[in-house]
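Take a look at the structure set out below.
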Amino acid sequence: MLADDHTLIVDAFRRLLEPEFEVVGTVADGSGLLEMAPELRPDVVVLDLGMPMLNGMDAGQELKRLLPQTKIVVLTLTDDCDVAASALRQWASGYVLKKSAAWELGKAIREVLKGNSYVTPHIAKRLAEEFVRDPRLDRRKSLTPRQMDILQLLAEGRSMHETGDILKIRTRTVAFHKYQIMKEFGLKTNADLVTFAIREGAVRKAA
């Protein structure tokens, strides 16, 4: 099953995959995925992270709860290592970049169907480097350097767009990290975020 809001991309990947795999359905947003997938019960879902209605991160997590046997392969433009690590840790079996060679998607699907994981080499290398720097298996309650940078800028009053420009990352990536920080540390408001940033040493408390 293919989940992506760009029709041309869906058509292209359908043509790429159908000689080997049966594409049982396509959807253009996260809500549609959660409605259709339980009826079709696909073996594999190829999922874009940047979908409307319900983003791919939330849709993937909910889909894994609904269909724990279904394998989920992320196919995305997002090459942020923290995003990849979060998806793979929580619900994804594969992570492939849209800029990867065409054969990689087929290889990823074959690997996850065999019960293995597949991560595009560019991301896999960076994940390995992160693990060498910090080999703890459970890092869910610690801020990554990227999260600390984002937390600092947001707590200083920068918008998500300004934060993305400063760090040279997409606004969508900033939003993802903000959401993850607030979710993992139980923060409800922007005021909570600022208080948390002060506690974590990301910003100094005004005198």
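The values are calculated or read from the model by the stated rules, or taken from the named source; none is laboratory data. Everything quoted here is computed from the prediction, not taken from an experiment. Counting neighbours? That spans all protein chains shown, and the Cβs are built from the backbone with ideal geometry, glycine included.
Values computed for the structure shown
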item: Test: residue in segment 64-82 that is more than 22 Å from V23 (Cβ to Cβ), in a helix (DSSP H, G or I) and free of Cβ contacts under 8 Å to residues at least 24 places away in the same chain; result: yes
item: Tabulated pairs, segment 100-119, first touching a residue at least 60 places away in the same chain (Cβ under 8 Å), second of a type in the set (S, T, Y) and outside any helix (DSSP H, G or I), C-beta under 6 angstrom, 6+ apart or interchain; result: V112/S93
item: Test: V96 is in contact with a strand residue (DSSP E or B) (Cβ under 7 Å, 6 or more places away or on another chain) and under 16 Å from L17 (Cα atoms); result: yes
item: Lone qualifier among A108, A85 - being surrounded by 21 or more Cβ atoms within 10 Å (Cβ to Cβ) and either over 18 Å from the mean Cα position of the chain (by Cα) or under 24 Å from L34 (Cβ atoms) (or both); result: A108
item: Those residues of segment 71-106 which are among the basic types (K, R) and modelled with pLDDT under 95, in sequence order; result: R89, K98, K99
item: Among (1) at pLDDT 85 or above; (2) in a helix (DSSP H, G or I) - the single one F131 does not satisfy; result: (1)
